[in-house]
Amino acid sequence: MKKAVILYSGGLDSTTCLAWARSEGFAPFALSFAYGQRHAVELDKARAYAPRIGAAEHLIVEVDMRRIGGSALTGELEVPKEGVEEGAIPVTYVPARNTVFLSFALGWAEVLGAFDIYIGVNALDYSGYPDCRPEYIAAFEQLANLATRAAVEGQGRYRIHTPLIHLSKAQIIERGLALGVDYALTHSCYDPTPAGLACGRCDSCRLRLKGFAEAGVIDPLPYA
């Protein structure tokens, strides 16, 4: 079975992505990050769920992005609770996060002898982050094939898979349920309570709840 590295946060999209990779015949090597995020409860979900959904291995890498800050997820800025301005990049954007994460994924893939990397970015029901756009993914894929020994020596070509990129949140949930994903074991909230309950008001919670409503399915996640 071919190997693939899956960027896996423990959230709805990345969990669906892991199940999707497995359905396409890959052995999923799940890669998560403890990057100083205020919603670190997602890592607890990732630890619990990775083996249950069939990850061949689950690696958690520590990268302290609080040292540079610049985001409500890694600093003292407040997480917006009344929606975000349309067309504006919200303060929950973490500077260069997907570039950092994909770089680690690329390094691990090269060590594993894998040429496939999955990331659950979405360009429809998302918060407007610049590193979730198709043109960004295409640029990183080009970089991957220029910057690695495996690609330069002709051992293979790297492909960044983004199966969710053109799906609505409802379509992602429907696909995940068809793949057997248990969304009770995922977490999406940017600003959970000390007990780990989702706030229900941040942008991520709003998108998740909207998706479940449009899919006609009850969200199993407990909310404050």
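The values are calculated or read from the model by the stated rules, or taken from the named source; none is laboratory data. Since this is a predicted model, take the numbers as computed values, not measurements. Virtual Cβ from ideal backbone geometry, glycine too; neighbours counted across all protein chains shown. Calculation scope for accessible area: heavy atoms of the full protein, side chains included, ligands and nucleic acids excluded. Shrake-Rupley method; radii C 1.70, N 1.55, O 1.52, S 1.80 Å.
Assorted remarks:
- Among the conditions (1) open to solvent by 60 Å² or more (accessible area, probe 1.4 Å); (2) part of a loop (DSSP other than H, G, I, E, B); (3) of a type in the set (A, V, I, L, M, F, W, C); (4) over 21 Å from Ser14 (Cβ atoms), the only one that Leu146 does not satisfy is (2).
- Within the range 51-83, the only residue that satisfies the criterion of being outside any loop (DSSP other than H, G, I, E, B), in contact (Cβ under 8 Å) with a residue 60 or more places away in the chain and either surrounded by 15 or more Cβ atoms within 10 Å (Cβ to Cβ) or more than 20 Å from the chain's Cα centre (by Cα) (or both) is Ile53.
- Just one of the listed residues (Tyr129, Tyr158) is open to solvent by less than 60 Å² (accessible area, probe 1.4 Å), at pLDDT below 95, hydroxyl-bearing (Ser, Thr, Tyr) and farther than 12 Å from Thr16 by Cβ, namely Tyr129.
- Counted residues, the range 83-100 - those being hydroxyl-bearing (Ser, Thr, Tyr) and farther than 20 Å from Cys189 by Cβ: 1
- Note on the range 168-186: among residues that are open to solvent by less than 40 Å² (accessible area, probe 1.4 Å) and assigned to a loop (DSSP other than H, G, I, E, B), the one that is farthest from Pro80 (Cα to Cα) is Val181.
- Failed criterion for Ala88 (all others in (1) open to solvent by 10 Å² or more (accessible area, probe 1.4 Å); (2) within 28 Å of Asp182 (Cβ to Cβ) hold): (2)
- Residue within the range 158-165 that is part of a helix (DSSP H, G or I) and of a type in the set (A, V, I, L, M, F, W, C) present: no
- For the range 187-224, a residue qualifies if it is more than 16 Å from Thr16 (Cα to Cα), among the small types (Gly, Ala, Ser), open to solvent by less than 60 Å² (accessible area, probe 1.4 Å) and in a loop (DSSP other than H, G, I, E, B), and the qualifying residues are Gly196, Gly200.
- Selected residue (criterion: farthest from Ser188 (Cα to Cα)) from residues of the range 1-13 that are buried (at least 24 other Cβ atoms within 10 Å of the Cβ) and within 13 Å of the chain's Cα centre (by Cα): Val5
- Considering each residue of the range 107-120 in turn, none proves to be in contact with a helix residue (DSSP H, G or I) (Cβ under 9 Å, 6 or more places away or on another chain), modelled with pLDDT under 95, closer than 15 Å to Ser204 by Cα and surrounded by 14 or more Cβ atoms within 10 Å (Cβ to Cβ).
- The condition (being closer than 22 Å to Arg133 by Cα, under 19 Å from the mean Cα position of the chain (by Cα) and assigned to a strand (DSSP E or B)) is satisfied by just one residue among Ile117, Ile89: Ile117.
- When Glu42 is tested against the conditions (1) open to solvent by less than 20 Å² (accessible area, probe 1.4 Å); (2) in a loop (DSSP other than H, G, I, E, B); (3) acidic (Asp, Glu), the lone failure is (2).
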